[in-house]
Amino acid sequence: MHSIGELARASGLTVSALRFYDSAGVLVPARVDPVTGYRWYTDDQVRPARLVAGLRRVGMPVPEIAAAVRSGPAAAHRLLDTHLRRLEDGLADARRELSRIRTLIDPEEQPMTTHLTLSRTDLAAAVDAVRFAVATGPDLPELTGVLFDVDAGGVQLVATDRYRMALARIGADVDGPAVRALVPAGFVDETRTLLDTAGEVRLAVGDGTVAVTVAGRTLDAGTLPYDFPDHRRLLRAAPGGPAHRATVDVAALRAALTSPDAPVVHREHGGAALPVSVLGPDGRGGVRLYGEDELTGDAPRIGVNAGYLLQALDAGGRGQLVLELDGPIAPLAVRRPDDTDAFSVLMPIRL
């Protein structure tokens, strides 16, 4: 048995940190002396204590540290991957903010334009993957475009209308600082038509402008003067991953959703009847539609707008897609099995 001081020296954690992780249920002593209150730990607890110390140094939240300590290697690696993406997103945000701060420090400095060279087919596929999620109404003008989020490795396209969100990432040769540009939907549509022309694609994103050149033809436009919402908050995965992950055949799911006999749950929204399609596990590793009388039990189910789901299926491509269900209040994720950076999420409808 090791005293708390001995474990602190062996793990790199402080004594106060070990007391905290005991109270949090992350690293509970094997024995606590009922008279003195001294904590004692076994040899088997040294490695978990070192794991906690390492995860603490990289800033992992306590609930995820607890999940990593208790889970097997595969689940722990997924948690590490999720936290690494969070750190990378934070670093990209910090770089963008520092770039803005530099212009405040020296406002006379000429703004830089970031140039990208990228694949025509990749950009076309990315536009196809996100365009359906752009808002169309005048009430939220900050959602009526596609966000082009450029970093050192490429560009991520993001679109949302609050009810669904779609993302796709493209690798590119980037020359210039990280930059975010909210590109009007009309310009995105013109660009998509231009991408049917063979040739190398060059994208230029500057201070309030965006231009795309394909085979010597250039389109340019002003960017929308709005702040796009922080979409990353919605994408932070729960520790351990989704409750149910299923690979589905797009044609079969589309046929089930559009069948006249498809189960529908009726709810009310804004005083009007709202048909809701409810998805849940089918008991064979896939998903199926549920009716009103099947909503009891503990299986993860989620209600969605069938039309929105059909659009997400179309944008995801033919063949197979992966659906991730994590309960009635978490978004439904629709992913491509061969591209982790292209996916969409649908907001749930309260059942």
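The values are calculated or read from the model by the stated rules, or taken from the named source; none is laboratory data. Small disclaimer: the values here were computed from a predicted structure and weren't measured. Methodologically, a virtual Cβ is constructed for each residue, glycine included, from the backbone with ideal geometry; neighbour enumeration extends over all protein chains shown. Accessible surface areas use protein heavy atoms only, side chains included; no ligands, DNA or RNA. Shrake-Rupley method; radii C 1.70, N 1.55, O 1.52, S 1.80 Å.
Okay, here's what the table says:
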item	result
Which of 1, 347 is most accessible, then next, and so on - probe 1.4 Å	1, 347
Given charges at Cβ of Lys, Arg, Asp, Glu: the stretch 242-351 dipole, positive-most of 333, 283, 300	333
Once the Cα gyration tensor of the stretch 229-351 is diagonalised, semi-axes √(5λ) in Å	21, 17, 15
GNM result for the chain, Cα springs below 10 Å: residue of 162, 217, 301 fluctuating most strongly	217
Relative packing of peptides 80-89, 173-182 - highest average C-beta neighbours within 10 Å first	173-182, 80-89
Computed [θ] at 222 nm, helices only, for the chain once each DSSP H run of length n ≥ 4 contributes -39500 (n - 2.57)	-10000 deg cm²/dmol
Contact order relative to length of the chain, as percent, for alpha carbon pairs under 8 angstrom and 6 or more apart	13 percent
Compactness relative to 2.2 N^0.38 Å, alpha carbon Rg of the stretch 269-322	1.30
Solvent-accessible surface ranking, highest first, for 42, 247 at 1.4 angstrom	247, 42
Kyte-Doolittle mean at least -0.5, axial Cα span of 20 Å or more - DSSP H helices of the chain	73-105
Cα shape, the stretch 97-188, gyration tensor, a/c 1.5 rule	oblate
Rounded percent of accessible protein surface that carbon and sulfur make up, the chain, 1.4 Å probe	52 percent
Mean shadow area of the stretch 1-116, taken as a quarter of the surface of its Cα convex hull (nm²)	10.9 nm²
Efficiency of FRET between residue 261 and residue 51 - r from beta-carbon atoms, R0 51 angstrom, step 0.05	0.50
Calculated from backbone phi, Karplus (6.51, -1.76, 1.60) coupling profile of the stretch 334-347 in Hz, x at Gly/Pro	10, 10, 8, x, 9, 8, 6, 8, 10, 6, 9, 10, 10, 5
Relative contact order %, the stretch 226-351, counting alpha carbon pairs below 8 Å whose residues are six or more apart	25 percent
Options [x] 1.21; [y] 1.00; [z] 1.08 - which one matches Cα Rg over 2.2 N^0.38 Å as calculated here	[x]
Relative contact order [Cα under 8 Å, 6+ residues apart], the stretch 1-136, whole percent	17 percent
Three semi-axes of the equivalent ellipsoid, the stretch 162-274, Cα gyration tensor, whole Å, largest first	37, 20, 18
1.4 Å probe accessible area per residue over the chain, in Å²	53 Å²
Among 260, 34, 48, residue whose mean-square fluctuation peaks in a GNM of the chain (springs only between Cα atoms under 10 Å)	34
